[in-house]
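Taking it in order: structure first as structure tokens, then the write-up.
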Amino acid sequence: DAKTTQPPSMDCAEGRAANLPCNHSTISGNEYVYWYRQIHSQGPQYIIHGLKNNETNEMASLIITEDRKSSTLILPHATLRDTAVYYCIVRRLQGAQKLVFGQGTRLTINP
Amino acid sequence: EAGVTQFPSHSVIEKGQTVTLRCDPISGHDNLYWYRRVMGKEIKFLLHFVKESKQDESGMPNNRFLAERTGGTYSTLKVQPAELEDSGVYFCASSQQVSPLHFGNGTRLTVT
């Protein structure tokens with residue numbers, strides 16, 4: 001699976017949009033971009049995933065560049081409860097492949 | 001629907017003892033995964049079941065760890081004998097075919 005690169009930490013003010021970047025320059029054509037987060041003492045929580053089109057759900061939006069080498073997760077109106085470690089993961093769907101976690105980005109939402 | 005359930009939530013055992021962790025996946029999910037996070041490290045994959053078969057066990061650290069999924073429903077992960085370095089949080093996840101993985105809240109294992 002392709003590796004991803006994320007900043008180790010970010011801060012965002014409550015109520016503002018949080019934009020979390022991820023680089024995945026070696027992504028293959030059959031690999032999806034997944035985002036998970038882990039809030040302290042809980043299990044990783046699925047947020048969103050996409051192949052090449054931008055995606056939006058009730059939690060977030062995912063913007064994937066046209067060359068697919070990078071993406072941005074957007075939390076439109078961050079709240080204190082969004083403080084967590086966010087993981088960008090590239091995953092092949094064939095064979096229900098495992099997720100490979102990196103260090104992630106520690107996002108802190110400040111009041 | 002009920003989520004992935006793990007038992008116990010916490011376990012404290014002495015070095016050399018045996019511990020068995022249990023995971024109940026979401027009903028109907030054929031894929032079941034075990035992960036663990038040791039202190040200060042990344043979340044690491046241990047193994048992947050498809051129904052009762054081990055699809056990928058490349059992450060199992062050594063033969064002190066034994067995972068089973070008899071009948072393709074719940075799974076157990078036994079550590080025997082436990083060592084100090086086995087301390088950490090053990091997560092279970094399940095998925096249906098190629099859907100996203102859904103994780104439980106983990107079992108925090110402390111070996112003293």
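Where a number appears in this text, it was derived from the coordinates with a stated rule and is not lab data. Owing to the predicted nature of the structure, the values given are computational and were not obtained by experimental measurement. Reconstructed Cβ throughout: ideal geometry from the backbone, glycine too, with neighbour counts over all protein chains shown.
Please report, in Å, the Rg and the Dmax of the protein assembly as shown, where both are computed over Cα atoms only.
When restricted to Cα atoms, the protein assembly as shown yields Rg and Dmax of 17.7, 54 Å.
Work out from phi, with θ = phi - 60° and the Karplus expression 6.51 cos²θ - 1.76 cosθ + 1.60, the ³J(HN,Hα) of each residue of segment B:8-24, listed in order in whole Hz, and give x for Gly and Pro.
Going residue by residue, I get x, 7, 9, 8, 10, 9, 8, 3, x, 7, 10, 9, 10, 9, 10, 9, 10 Hz, with x marking Gly and Pro.
Compare the Cα positions of A:Ala60, A:Gln45, A:Gln94 along the charge dipole of chain A (+1 at Cβ of Lys, Arg; -1 at Cβ of Asp, Glu; about the Cα centre) and return the one farthest towards the positive end.
Working it through, the farthest residue towards the positive pole turns out to be A:Gln94.
If the only charges are +1 at each Lys and Arg Cβ and -1 at each Asp and Glu Cβ, what is the size of the charge dipole of segment B:45-90 around the Cα centre, to the nearest 20 debye?
With Lys and Arg at +1 and Asp and Glu at -1, about 180 debye.
May I ask you to order B:94-106, A:38-50, B:51-63 by the average number of other C-beta atoms within 10 Å around their residues, highest value first?
Averaged packing, sorted descending, gives the order B:94-106, A:38-50, B:51-63.
Could you work out how far apart the two model spin labels at A:Asp11 and A:Leu51 are, taking each label as a point 7 Å from the Cα in the direction of the beta carbon, and quote it in nm?
4.1 nm
Per 5 Å bin, what percent of the C-alpha pairs of chain A does each bin hold, from zero upward?
2, 13, 24, 26, 20, 10, 4, 1, 0
Post the alpha-carbon centroid distance, segment B:1-59 to segment A:1-74, in whole angstrom.
25 Å
Out of residues 5 or more away from B:Met60 or on other chains, whose amide H comes under 5 Å of its own, with H placed 1.01 Å from N in the peptide plane?
Those qualifying (amide H under 5 Å, at least 5 residues apart or on another chain) number zero.
Using only C-alpha positions, report the orientation-averaged shadow area of the convex hull of segment B:54-112, nm², one decimal.
For the Cα atoms of segment B:54-112, the hull's average projected area reads 4.8 nm².
Would you work out the relative contact order for chain A, in percent, from Cα pairs under 8 angstrom that are 6 or more residues apart?
Relative contact order, chain A: 37 percent.
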